[in-house]
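The structure under discussion appears below in the form of structure tokens.
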Amino acid sequence: MSQLLAVHDLQIEFKTQVGIVRAVNGISFTINSGETVAIVGESGSGKSVSALAMLNLLPQPPARIISGQIRFDGQNILTLPPAALRKLRGHKIGMIFQEPMTSLNPVLSIGRQITETLRQHLGLSARAARARAIELLNLVGIADPERRLKQYPHHLSGGMRQRVMIAIAISCEPRLLIADEPTTALDVTIQAQILLLLKTLTQRLGAALILITHNLGIVARYADRVNVMYAGRIVEEGPAVDVYRNPSHPYTLGLLNSVPRLDRPRQFKLDPIPGQPPDPAHLSTGCAFRPRCRYQTQDCATTPALQTVHGAHRSACWQLDSLRQIRAPDQSKS
């Protein structure tokens, strides 16, 4: 597989009334064509900010990209002129935003919002764009697409609005699809349908998929590789199978231990991570997870770098040798 996207040492901050907020603190990762990479972490870990930076959609100010590169197909997205960015967004890179009700325009029909992308990037006529829009709605599983084209976002259910967002995102058959919490506020049945649809469509189009989520169950089933983020940093990365079978950072271990599992007895108590995520405007020195970590030592006062666990599996923890002996209960069964 060829490398499609490479993020190197990306650092992003926001200027706010309470001071400078370091949202992303030097993350680096790659994604290959046809691959699904998940970015996992609690709210405020920097997942969505990183995704918006990949399309250079962050408002500047208050956002400021301090350093780093985001190279898509050899081009640094952060240095492209506005005209080149407009050709890239929605054409080569599609994005499914976190909340479809606020991402879809409430005063434009569904048909108008789908055909606008097709006419802008592919130069289709009004008739050809409408025919393609009907085809796309069929593809994402929306019944009676001719009637739906005339409707507005408030006429549709949450699951249908999410499907419309997917239809818009894949309309030009992008090479990279970014899905930012694509199943937020959907019931579990619709979640499964949406995720299966995304996986099927990306395989059909040969596109890469970045799946941004806090749901570890989603990652286990659909992702090839996982990047675990905490306080703007990637603290663990590797093939999904390796990360689940051999979690090698206390934060990853805590996330896995706090998820309900069907193979445990009903009386089994979850083991939540103590405390709260750190305030990004007042990060302390050293490992950001240290105040919540039960394995911390004096070494944790210094920020650890990612180090190899095995193969492509890496973790940023000073206690890596100790953690090799620590596993979530019955982890090998997952």
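For region 142-168, which positions are under 20 Å from Ala129 (Cα atoms) and either under 19 Å from the mean Cα position of the chain (by Cα) or in contact (Cβ under 8 Å) with a residue 60 or more places away in the chain (or both)?
Of everything in region 142-168, those that are under 20 Å from Ala129 (Cα atoms) and either under 19 Å from the mean Cα position of the chain (by Cα) or in contact (Cβ under 8 Å) with a residue 60 or more places away in the chain (or both) turn out to be Arg161, Arg163, Val164, Met165, Ile166, Ala167, Ile168.
State whether one or more residues within region 260-281 are modelled with pLDDT of 90 or more and open to solvent by 70 Å² or more (accessible area, probe 1.4 Å). Before you say what the answer is, go through the steps one by one.
From region 260-281, those modelled with pLDDT of 90 or more are none; that's our starting set.
For region 260-281, residues modelled with pLDDT of 90 or more and open to solvent by 70 Å² or more (accessible area, probe 1.4 Å): absent.
Search region 169-185 for residues being over 23 Å from Glu135 (Cβ atoms) and surrounded by fewer than 19 Cβ atoms within 10 Å (Cβ to Cβ), and hand back the single one that is modelled with the lowest pLDDT.
Ala185
Could you name every one of the strands (runs of 3 or more DSSP E) located completely within region 10-77 that has at least 3 residues being farther than 26 Å from Leu255 by Cα?
Values: elements: 19-32, 36-40, 63-72.
Output list reads 19-32, 63-72.
Restricting to region 50-82, and then to whatever is touching a strand residue (DSSP E or B) at 6+ places or on another chain (Cβ under 6 Å) and without any contact (Cβ under 8 Å) to a residue 40 or more places away in the chain, can you tell me which residue is farthest from Ser33 (Cα to Cα)?
Leu78
Could you go through region 210-225 and let me know if any residue there is crowded, with 17+ Cβ neighbours inside 10 Å and more than 27 Å from Ser258 (Cβ to Cβ).
no
Those residues that are outside any strand (DSSP E or B) and either under 18 Å from the mean Cα position of the chain (by Cα) or surrounded by 20 or more Cβ atoms within 10 Å (Cβ to Cβ) (or both), I need them from region 90-101; list them, please. Reasoning before the result, please.
Of region 90-101, the ones outside any strand (DSSP E or B) are 90-92, 97-101.
Listed by number, the residues that qualify are Gly90, Lys92, Phe97, Gln98, Glu99, Pro100.
Please identify the pairs in which a residue from region 8-32 that is basic (Lys, Arg) has its Cβ atom under 6 Å from the Cβ atom of a residue that is assigned to a strand (DSSP E or B) and buried (at least 17 other Cβ atoms within 10 Å of the Cβ), counting only partners at least 6 apart or on another chain.
Arg22/Glu13
Considering only residues that are open to solvent by less than 10 Å² (accessible area, probe 1.4 Å) and at pLDDT below 80, which ones fall in region 186-200?
Ile194
Just give me the residues in region 38-48 being under 22 Å from Gly90 (Cα atoms) and either touching a Leu at 6+ places or on another chain (Cβ under 6 Å) or buried (at least 22 other Cβ atoms within 10 Å of the Cβ) (or both), in sequence order.
Of region 38-48, the ones under 22 Å from Gly90 (Cα atoms) are 38-39, 47-48.
If the condition is that a residue be under 22 Å from Gly90 (Cα atoms) and either touching a Leu at 6+ places or on another chain (Cβ under 6 Å) or buried (at least 22 other Cβ atoms within 10 Å of the Cβ) (or both), then Ala38, Ile39, Lys47 are the ones that fit.
Being of a type in the set (A, V, I, L, M) and either open to solvent by less than 20 Å² (accessible area, probe 1.4 Å) or under 23 Å from Leu211 (Cβ atoms) (or both) narrows it down to one of Leu108, Leu139, Leu80, Leu122, so name that one. Write out each step before concluding.
Numbers: Leu108 fails: either open to solvent by less than 20 Å² (accessible area, probe 1.4 Å) or under 23 Å from Leu211 (Cβ atoms) (or both); Leu80 fails: either open to solvent by less than 20 Å² (accessible area, probe 1.4 Å) or under 23 Å from Leu211 (Cβ atoms) (or both); Leu122 fails: either open to solvent by less than 20 Å² (accessible area, probe 1.4 Å) or under 23 Å from Leu211 (Cβ atoms) (or both).
When all the criteria are applied, what remains is Leu139.
What tally of residues in region 290-321 results from selecting those that are open to solvent by less than 70 Å² (accessible area, probe 1.4 Å), in contact (Cβ under 8 Å) with a residue 12 or more places away in the chain and not in a loop (DSSP other than H, G, I, E, B)?
7
Return the only residue of Ile27, Ile66 being among the β-branched types (Val, Ile, Thr), out of contact with any Cys (no Cβ under 7 Å at 6 or more places or on another chain) and open to solvent by less than 50 Å² (accessible area, probe 1.4 Å).
Selected residue: Ile27, the only one of Ile27, Ile66 that is among the β-branched types (Val, Ile, Thr), out of contact with any Cys (no Cβ under 7 Å at 6 or more places or on another chain) and open to solvent by less than 50 Å² (accessible area, probe 1.4 Å).
The values are calculated or read from the model by the stated rules, or taken from the named source; none is laboratory data. None of the values given here were measured: they were computed from a predicted structure. Positions of Cβ are backbone-derived with ideal geometry, glycine not excepted, and every protein chain shown enters the neighbour counts. All accessible areas refer to the heavy atoms of the entire protein, side chains included, with ligands and DNA or RNA removed. Shrake-Rupley method; radii C 1.70, N 1.55, O 1.52, S 1.80 Å.
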